């Protein structure tokens, strides 16, 4: 999804890594929430399929996901709960999540709530609250990152100088986007905002740090994870 052209230049998503799990017990029912970063519908549905196998004896495996920088793919499923009491509240918990004051931009996230029925009926309102709270509580604890479309720039330096330059670039708060090695040189990549001013500032920084011996070359744009300040 991220390779396609989009209107958005940044959004918030889960930090890369393993699934995040959180459990609530409400009136003897267990609600196990699993969050996973997913950038396609197939990836989101894979989470549901895997949890159906893992929790094969659970009564419900309700799901919701939002995909894409523009959040244009949004789906939910009640999986046997009364219509509108599970998937939609879960989706709203994702869609309305404020990642900064006044900003709701969470995307590329799949949520599944596995429910083990505890014998006490919750009613429609109780189910809506339970599924919404399950996702919201998990989101309170999960690490998030900014996903930004940045201009990738590269600088080529001798191997012996690469370590110090990389450290200096990090100290200058530039986002490192990869390293490759040739026979005689190391190529460091940095990611900067996609505008002429930011690219010029980064180029000047490289000139200063290398005493004019290295040049920064602008390449294409990529989606890059940027930690929250």
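Below are the figures for this structure:
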read-out: Residue in segment 66-76 that is within 13 Å of residue 110 (Cα to Cα), within 18 Å of the chain's Cα centre (by Cα), modelled with pLDDT of 95 or more and surrounded by 21 or more Cβ atoms within 10 Å (Cβ to Cβ) present; value: yes
read-out: Condition met for residue 146 (under 27 Å from residue 69 (Cα atoms), modelled with pLDDT under 95 and part of a helix (DSSP H, G or I)); value: no
read-out: Single unsatisfied condition, residue 192 versus (1) out of contact with any helix residue (DSSP H, G or I) (no Cβ under 9 Å at 6 or more places or on another chain); (2) within 20 Å of residue 10 (Cα to Cα); (3) in contact (Cβ under 8 Å) with a residue 40 or more places away in the chain; value: (1)
read-out: Odd one out for residue 124, checked against (1) more than 16 Å from residue 35 (Cα to Cα); (2) part of a helix (DSSP H, G or I); (3) under 20 Å from the mean Cα position of the chain (by Cα); value: (3)
read-out: Unmet criterion (only one of (1) in contact with a helix residue (DSSP H, G or I) (Cβ under 7 Å, 6 or more places away or on another chain); (2) in contact (Cβ under 8 Å) with a residue 60 or more places away in the chain; (3) part of a helix (DSSP H, G or I)) for residue 113; value: (3)
read-out: Close pairs from segment 47-66: first under 21 Å from residue 94 (Cα atoms), partner exposed (fewer than 14 other Cβ atoms within 10 Å of the Cβ) and at pLDDT 95 or above, Cβ under 6 Å, at least 6 apart; value: 60/80
read-out: Any chance residue 155 is in contact (Cβ under 8 Å) with a residue 60 or more places away in the chain, over 27 Å from residue 109 (Cβ atoms) and surrounded by 12 or more Cβ atoms within 10 Å (Cβ to Cβ); value: yes
read-out: Residue ID - farthest from the chain's Cα centre (by Cα), chosen from residues in segment 55-65 that are surrounded by 19 or more Cβ atoms within 10 Å (Cβ to Cβ) and over 30 Å from residue 9 (Cα atoms); value: 60
read-out: 3 or more residues surrounded by fewer than 16 Cβ atoms within 10 Å (Cβ to Cβ) and in contact with a strand residue (DSSP E or B) (Cβ under 9 Å, 6 or more places away or on another chain): qualifying strands (runs of 3 or more DSSP E) within segment 172-229; value: 175-181, 216-227
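The values are calculated or read from the model by the stated rules, or taken from the named source; none is laboratory data. A quick note: this is a predicted structure, and the numbers were derived from the prediction, not measured. Neighbour counts run over all protein chains shown; Cβ positions are idealised from the backbone, glycine included.
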